[in-house]
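Contents: one structure, followed by commentary.
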Amino acid sequence: MVKVRNLTRCRACQSRRLYQFLDLGEMPIPNGFLKKEELKKPEEKFELAVFYCRNCGFVQLTVVVNPIIMFKNYVYIPSTAKVMMNNFTNLAYTAVQEVGAGEKSLVIDIGSNDGSLLTFFKSYGVKVLGIDPAENLAKIAIMNGIPTECKLFSLKTAAEVKKKYGKADIITATNVIAHIDNLHEVLGGVSKLLSDDGVFITEFPYLLDLVRKTEFDTIYHEHLSYISVKPWRKLIERFGLEIVSAQRLLIHGGSIRITHRKKSGSKKIPDTIKYLESLEEHFGLYKEKTYDNFSLKVELLRNELVSTLKEYKKQGKRIVGYGAAAKGNVLTNCFGIGKNMLDYIVDSTPYKQGLFTPGMHIPVYPERKLLEDKPDFALILAWNFADEIIEKQKAFHRGGGRFIIPIPKVRVV
Ligand code: DWN
């Protein structure tokens with residue numbers, strides 16, 4: 001199996017005019033958690049660096065790690081966060097209203113994970129189908145009554161699904177578009193699978209938020225692309241689709257929900273799209289200088305966070321991590337924050353507890369350890385859920401425990 005390939009052309013426009021602006025070093029895949037007995041084995045590391053496409057503005061990793069390595073057995077589930085479940089409730093409601101879905105309607109979720117989103121759709125009486133390559137999660141979804149095809153989505157999968165289930169009235173893809181290498185094939189498949197009056201709704205982290213809030217740790221091997229509206233619009237129009245609306249979301253450090261329909265022939269670009277594209281221009285998303293400045297801001301953040309942690313360690317303080325997130329594994333590996341600084345990490349995901357983080361080999365424990373052990377500080381590695389976590393751990397806070405939030409700036413609360 002080819003484990004990794006170098007990107008030579010832009011994933012969106014195929015241009016070779018790629019400008020590398022950030023190199024975070026070599027590190028293991030971000031959800032490559034290890035069992036105790038695996039710690040002694042050599043760990044595969046892959047380059048983590050980023051290109052800006054001078055032709056269309058699409059931002060993407062310099063290498064593509066084989067998705068089978070990353071997604072065959074997957075430990076990320078969105079259902080650990082109330083914020084995500086609230087977002088799914090809203091997405092299902094909005095989509096059903098948009099197309100007036102009923103019991104004859106079919107909703108397909110690409111990257112359906114454990115079926116959480118489709119469970120909300122199912123409550124409207126529509127037919128649902130999940131498509132996801134993670135065997136472990138597909139099993140859970142099926143057990144929860146969500147029919148799921150366990151495979152990667154592609155033109156071939158789209159043809160098979162259309163033959164077996166018919167066209168879809170709603171196709172969703174939340175936090176999966178950024179993970180897809182063969183975007184052209186997937187968008188071709190969506191276009192074939194979507195009914196003429198159907199909607200295709202995507203949600204992905206928004207490049208404008210990533211750049212403005214220095215969210216460098218959301219750059220990892222699972223996220224092949226970092227997307228802004230302008231290059232995305234140009235790309236989807238090649239597949240007979242058009243954007244009908246876009247909505248910025250607070251989740252995952254700042255995301256964007258984009259609703260598409262089949263091209264209606266009108267050349268009119270919705271005002272929200274025009275506004276977002278002008279905002280992207282205003283913040284320099286289509287200038288190389290912006291990305292050079294971004295790299296500098298990452299260095300400043302590294303110095304600020306590491307010196308803060310070192311100072312507390314010098315004072316004899318005990319610090320732990322909170323949230324064994326993929327982004328946390330990037331931050332700890334990139335900044336060299338290991339067991340010398342974090343005694344352990346607590347996390348609510350059952351599949352991660354008892355394991356060790358990739359690269360830094362920091363042990364992961366259930367959340368209850370925080371109150372049992374009462375360290376001085378908890379570094380919130382899942383900073384995108386800081387409010388939810390601090391609310392949940394009020395007792396730790398009232399007992400004198402302090403939280404360190406690393407992004408967008410180092411803050412102690
Ligand atoms: O795209 C992706 C994003 C959406 O999610 C995936 N490729 C991978 C994943 O990235 P992540 O692992 O950085 O996602 P999260 O959801 O930000 O990770 C949060 C972590 O924090 C989870 O392991 C769960 C944990 N958590 C916790 O321990 N207590 C979360 C909450 C809200 C909590 O209260």
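Near residue 149, the amide H atoms lying under 5 Å from its own belong to 130, 131, 132; only residues 5 or more places off or on other chains count, and H is placed 1.01 Å from N.
Can you give me the Kirkwood hydrodynamic radius for the chain, using every pair of distinct Cα atoms, in Å to one decimal?
Working: mean 1/r = 0.0452 Å⁻¹.
It works out to 22.1 Å.
Take every pair of alpha-carbon atoms less than 8 Å apart whose residues are at least six positions apart; their mean separation over the length of the chain yields a relative contact order of 15 percent. Estimated at 0.36 nm per residue, the fully extended path between residue 20 and residue 292 surpasses their Cα-Cα distance by 97.0 nm. Applying 1/(1 + (r/R0)^6) with r as the Cβ-Cβ distance of residue 395 and residue 5 and R0 = 56 angstrom yields a FRET efficiency of 0.70. Counting only aspartates and glutamates at least 8 places from residue 374 when in the same chain, those with an alpha carbon closer than 20 Å to its own are 311, 343, 347, 387, 388, 391. For residue 206, the amide hydrogen comes within under 5 Å of the amide hydrogens of 255, 256, counting only partners 5 or more places away or on other chains and with H modelled in the peptide plane. Residues of segment 384-413 with the amide nitrogen closer than 15 Å to a label point 7 Å from the Cα of residue 307, along Cα-to-Cβ, please. Residues passing the 15 Å test: 410-411.
Charge tally around residue 30: other residues with Cβ under 11 Å, Lys/Arg +1 each, Asp/Glu -1 each, net -1. Counting only cysteine Cβ atoms and a cutoff under 4.7 Å, the chain contains unmatched residues 150, 334. In this structure, residue 274 and residue 409 have a Cβ-Cβ separation that, at R0 = 25 Å, corresponds to a calculated FRET efficiency of about 0.20. With 5 Å bins beginning at zero, the pair-distance distribution over Cα atoms of segment 78-286 amounts to 1, 7, 16, 20, 22, 17, 10, 5, 2, 0 %. Taken along the Cα-to-beta-carbon direction at a fixed 7 Å, the label points for residue 387 and residue 135 span 4.1 nm. A crude spin-label estimate for the pair residue 151 and residue 373, with each label 7 Å from Cα along the Cβ direction, gives 4.4 nm. In sequence order, segment 408-413 has phi-based couplings of x, 9, 5, 10, 10, 10 Hz under the Karplus curve 6.51 cos²θ - 1.76 cosθ + 1.60, θ = phi - 60°, and Gly or Pro positions carry x. Output ³J(HN,Hα) for segment 134-142: one whole-Hz value per residue in order, computed from phi by the Karplus curve 6.51 cos²θ - 1.76 cosθ + 1.60 with θ = phi - 60°, and x for Gly and Pro. Values, residue by residue: 7, 4, 4, 7, 4, 4, 5, 4, 4 Hz.
Highest average first, the peptides 34-45, 281-292 ordered by how many other beta carbon atoms sit within 10 Å of their residues are 281-292, 34-45.
Using only alpha-carbon positions in segment 309-412, the gyration tensor eigenvalues give semi-axes of 18, 16, 14 Å once each is multiplied by 5 and square-rooted (largest first). Between residue 160 and residue 35, residue separation times 0.36 nm minus the direct Cα-Cα distance comes to 41.3 nm. In order along segment 292-304, phi translates into HN-Hα couplings of 5, 5, 4, 4, 5, 5, 5, 4, 4, 5, 4, 4, 5 Hz, rounded to whole numbers, per the Karplus curve 6.51 cos²θ - 1.76 cosθ + 1.60 with θ = phi - 60° and x for Gly and Pro. Of all DSSP-defined beta bridges confined to the chain, some 55% are antiparallel rather than parallel.
Over its Cα atoms, what ratio of radius of gyration to 2.2 N^0.38 Å does segment 227-274 give? Don't skip to the end; give the middle numbers.
Details: Rg = 11.1 Å, N = 48, 2.2 N^0.38 = 9.6 Å.
After normalising by residue count via 2.2 N^0.38 Å, the value is 1.16.
The amide H of residue 402, built 1.01 Å from its N in the peptide plane, has 377, 378 as neighbours under 5 Å, considering only residues 5 or more places off or on other chains. The coefficient of translational diffusion for segment 196-337, derived via Stokes-Einstein from the alpha carbon Kirkwood radius under 4 °C and 1.567 mPa s, stands at 74 µm²/s. With R₀ fixed at 35 Å, the C-beta to C-beta distance from residue 47 to residue 196 puts the FRET efficiency at about 0.25.
Read-outs: derived from the displayed coordinates by stated rules, not from any lab. Nothing here was measured: the structure is a model prediction, and the numbers come from that model. All Cβ positions, even for glycine, are placed from backbone atoms using ideal geometry, and neighbour counts span all protein chains on display.
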